[in-house]
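Worksheet: the structure to be examined is printed underneath.
Nothing in this text is a laboratory measurement; each read-out follows from the coordinates by a stated rule. Just so you know, these numbers come straight off a predicted model, no measurement behind them. FYI the Cβ positions are ideal-geometry reconstructions off the backbone, even for glycines, and counts take in every protein chain you see.
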Amino acid sequence: MMDRLPNSFRLVILPQDDPELSLINLQMLNKRQKKDKPVVLVLMKSGRVSIKHTEPDVFLPLPVAA
């Protein structure tokens with residue numbers, strides 16, 4: 001999916017379980033919107049999970065062995 005995103009864009013996260021925060025994020029986008037970059041909207045649950053008890057998912061590109 002990342003290869004489909006433009007090199008430079010504005011990311012707006014819209015938490016589905018927090019309509020107030022979604023509205024705030026959309027209002028900020030509307031106030032600061034410039035036409036120089038495309039906008040990517042992400043709909044997601046806020047996932048309020050304690051970081052102390054969660055293992056992160058980290059994906060890094062690895063060099064190909066010769």
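Overview of results
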{"read-out": "Under-5 Å amide H pairs with Leu14, H placed in peptide plane, nonlocal only", "value": "Val42, Leu43, Met44"}
{"read-out": "Residues Val40, Val12, sorted so that the one with the fewest Cβ neighbours within 10 Å comes first", "value": "Val40, Val12"}
{"read-out": "Label-to-label distance, nm, for residues given as Leu5 and Val39 (7 Å Cα→Cβ offset)", "value": "1.7"}
{"read-out": "Sorted by Cβ density within 10 Å, fewest first, the residues Asp18, Asp36", "value": "Asp36, Asp18"}
